[in-house]
Structures are given as structure tokens and as C-alpha cells.
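As C-alpha cells, the structure follows; a few thoughts come after it.
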Amino acid sequence: MSTFKAPKGTYDLTPPDSAKYLAVREALSAPLKNSGYGYIETPGFEDVALFSRGVGESTDIVSKEMYTLTTKGGSELALRPEGTASVLRAALEANLHKLGNLPVKLWYSGSYYRYERPQKGRYRHFSQVGAEAIGAEDPALDAELIILADQAYRTLGLQNFRILLNSLGDKECRPIYRDALQEFLRELDLDDDTRRRIDLNPLRVLDDKRPEVQKQLVGAPVLRDYLCDACKAYHEEVRDLLTAAGVVYEDDEKLVRGLDYYTRTTFEFVHDGLGSQSAVGGGGRYDGLSEMIGGPALPSVGWALGVDRTVLALEAEGIELELPSSTSVFAVPLGEEARRVLFAKVTELRRVGVAADFAFGGRGLKGAMKSANRSGARFTVVAGERDLAEGVVQLKDMESGEQQAVALDALVAEVRQKLA
Ligand code: ATP
Ligand code: MG
């Protein structure tokens, strides 16, 4: 223990558990890499206005949860609370939309920061894998992303998750719905904060989880009844494509999501084993965002999946990922000469691609064998003075317990053959 602790609402990833997080990130991104998405990385902070304009002043993310800072040079920055606005900003800046065919398909993985009330599944620093398909209005693209997320969760072995689907309409039909909803909400008995929200972001009121609010929302106008013909047809096509792909979803007309930029398709992946932090991922179409941040019209769709909550979901379902041991061979030297000889062998093994480790620190045989066990290595190589005098090392198979003398010169070849 040092004098310091990880800041409130954050936690460290340390071995061996950290391997699970790496595997989850890998599994969440694998379907994207297999589907034409290119990797993009953006800075951990951006001009604060990118988020206030892009994500929206009236959202919780911007109004309550953003970490903002003023630099010594006087710039107003924010630690990124989400990925979409940054990725779109970067794609526009690099002119990716002008270089080749649309859509530009991108994936990313990284840390995000939100000043939230910390609780299980809700942290101030968390990790997401995300995907954005920029510059095409095509229901097959919306369907593709939902299908790929479904595939990612399934390859991890998750079963108890559900896909919630809705359409938020577009700039033609949503304003008409918004008016109708505002009219309905203004008649309700609500606190001042919620009343303010009716003006700023009335759809968000539908998302209020409090029972006393939910009770009053029965009978509220639903967006589905207001969708224009184009939005209706688009949504039907997304639903048909998902059904054809065998992906099961639930229509959820209350699903609005917390960001202002969504239009038409919105979806969320919820896991039933996570209590109130049930959303493991979410996304949707954001046809107006590019123009909101000063770019050309680029209809787009994307999602972000939470790595932390996906790990919690695995735990909730009792799923143990099969993680290959990171070390194949562990070398245990007995004596000074053996140290030099085996250290050289470890280097040689590593150079040919065999994961190998070494008993550092000159501890005795017992301690070294403990380290060998803990490393999970399939083989240990032990050598003392007598072995070296005979030109051999002792190769022990940690699974079967069998041990054999192997000529020093043949060791690397022998190990590679056994591991193949
Ligand atoms: P919630 O409704 O739980 O606050 P959200 O709608 O704010 O979620 P998104 O902005 O859609 O979340 O982010 C996508 C995913 O990132 C979420 O589904 C969740 O898995 C994860 N996530 C978001 N905020 C946090 C957080 N504070 N801690 C851990 N994971 C988070
Ligand atoms: Mg949130």
C-alpha cells in the first residue's frame, strides 16, 4: 500500500484479471475487423465545444458528467465522455469521407471519462469498444452494426442479453412529435428539474426511471404514431434485415438514449444480470451530427459497447473465458553457469516466437518452481552444474509431470515440436 489510491470511481486492471479485459476488448472488436472497419484512435481530450455542440448541452453527459479543464494556454478542453463526436471530428479532419467510397467504416477502443456517482457498473473512468459507419443512409448498415454486436456478445458466450430497438424519427417528423409530447408533459405533476427538461429535451423525460414519473407517463404520445412514411419504411427494413439474420430484438418505443444527435434507428443492449446498470452497449443513427459540428451532410450510424459492464455480464452468467497461458516455457537455473546458459536459451526461444520466462532474482529451487507453476507454463527447463557437464537440461511437462533430459543444442527444436 502506498500513500495513494486510485481516484474515486476508478479501478486498476491488474494481472491475472486484466487478461480477461484484453480478451473482452479483442472479442468485441473482432467482428468489426472482419467486416471492413478500419482502426481509428483519437486523443483522450477534445475542445469542449465539440461535445457541447455534438452531444448536446441539454444531455446529462454534457451538463453534469463532463470533466472539463482550462489549459495554461487558455484552451477549454474536456476529457472525452464518449467516442462518436471525436471519431467524426477526426474523420472530417482527415477528409476520410472524400478519399474513397462511402461509408467510411471505423472502429476504436479506449478510455472514456464521466463524472458520475460511482456504483457497480458505473465508473468515472471506463472503457468502450466502438464502431461508426459514416456517410451512408442504408438500413443494411444499421442492421450490420446490430448483427456484429450480437455476434460479439455471443462469441463471448453471453446469453442473457436483449436487444432493444426503436426509431426516433428524423428532422421532418420528430419536431411534430416533440410538440405533442411537450404538450402532454406540461400537464403532469413534475419537479422543477424535470419541468426544465420538458423544454430542453422532452424525450429524455420518457427515460426517467422513477416510478412516480413512470406512472404519469402512461398514455403519453409514442413516437411510432408520428413517424413519417420515409422513417417508417426505413425502420421496417432494419427490422426485416435483423429478422432475416436470425437476430432477436424487442421493439421498445420508450428507448430514447441520452444523446441529442440520434435520429431514426436507436438500440440498446441490456443484460438482465446487472441490476440497474443494465446497458452493456448502445448506439444508433446520427444523420445530423456532422452538420452540427460544421461538416457536410453525412448520415451515419454507430455503437459503443462497454467493456467494464461486459466483464460484469460474463461474471453474472458465470462464464469463465478460456484464456491461453501467456508463458509456454519457464526456465529454472541452478547455479551461476546455468543462469547464463538458460538465460541465453530463453532469449533464443523468444526470438523464435515461443513465450518464455525465467526465474529471476536468484531464489532457491523451491521458490523458482513456485514461480514456474504460477506462470502457467506448459514446460519447465531446469539445469544445474551436473546437467551442463553432460550437455543436457531437464525438460519437464507440467501437465503430465513427465521429465526427460534433452540435449542443450536440441532444446529449442524439441520445445517447438512439442508445442506445435
Ligand atoms: P447509462 O444509461 O447506464 O448511463 P449510457 O446511455 O450513458 O448508459 P452510453 O453513452 O450509451 O451509455 O455508452 C455506451 C456504453 O458504455 C454503455 O452501454 C455502458 O456499457 C458503458 N458506460 C457508459 N457509461 C459508463 C460508466 N460510467 N461506467 C461504465 N460503463 C459505462
Ligand atoms: Mg449515462
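The values are calculated or read from the model by the stated rules, or taken from the named source; none is laboratory data. Values in this document were obtained by computation on a predicted structure and should not be read as measured data. All Cβ positions, even for glycine, are placed from backbone atoms using ideal geometry, and neighbour counts span all protein chains on display. Please note that ligands, DNA and RNA were not included when accessible areas were found on the heavy atoms of the full protein model with its side chains. Shrake-Rupley method; radii C 1.70, N 1.55, O 1.52, S 1.80 Å.
For the chain, carbon and sulfur atoms together expose 49% of the accessible surface, with a 1.4 angstrom probe and every protein chain in place. For region 79-145, chymotrypsin sites (Phe, Trp or Tyr not before Pro) meeting the loop criterion (DSSP other than H, G, I, E, B) and having at most 11 other Cβ atoms within 10 Å: none.
Electrostatic tally near K396: other residues with Cβ closer than 13 Å to its Cβ, Lys and Arg +1, Asp and Glu -1, net -3.
Shape of the chain from its Cα gyration tensor (a ≥ b ≥ c, root eigenvalues): rounded if a/c is under 1.5, otherwise prolate when a/b > b/c, or oblate? Prolate, because a/c is 1.5 or more and a/b exceeds b/c.
For region 210-300, run through the GluC sites (Glu not before Pro) and keep only the ones in DSSP coil with at most 16 other Cβ atoms within 10 Å of their Cβ.
Within region 210-300, the qualifying GluC sites (Glu not before Pro) (loop, at most 16 other Cβ atoms within 10 Å) are E253.
Heavy atoms of the protein chains alone define the surface here; on that basis the chain has 50 Å² accessible area per residue at 1.4 Å probe size. For the chain, find the longest principal axis of its Cα atoms and tell me its angle to the long axis of helix 139-155, 0 to 90°, nearest 10. Taking Cα atoms only, the helix is inclined about 40 degrees.
Taking trypsin sites (Lys or Arg not before Pro) as exposed when DSSP calls them loop and at most 12 other C-beta atoms lie within 10 angstrom, the chain has its longest site-free stretch at 210-420. Over region 329-419, Cα pairs under 8 Å with separation of 6+ residues give a relative contact order of 29 percent. Using C-alpha pairs below 8 Å separated by at least 6 residues, the relative contact order for the chain is 16 percent.
Among DSSP beta bridges lying fully in the chain, give the percent that are antiparallel, nearest 5. Display every interim value, and only then the final one.
Numbers: 51 of 63 bridges.
Of those bridges, close to 80 percent are antiparallel.
Note on the chain: helix-only mean residue ellipticity at 222 nm, from DSSP H runs of 4+ residues weighted -39500 (n - 2.57) and normalised by residue number, equals -11000 deg cm²/dmol.
Measuring against 21 Å, Cα to Cα, the residue pairs K8/K72; K33/K171; K5/K64; K20/K370; K64/K209; K345/K396 contain K8/K72; K33/K171; K5/K64; K20/K370 as the ones spanning a longer distance. Net charge in the neighbourhood of L165 (other residues with Cβ under 13 Å of its Cβ; Lys, Arg +1, Asp, Glu -1) is -3.
Pairs of C-alpha atoms in region 329-419 farther apart than 16 Å represent 47 percent of all such pairs.
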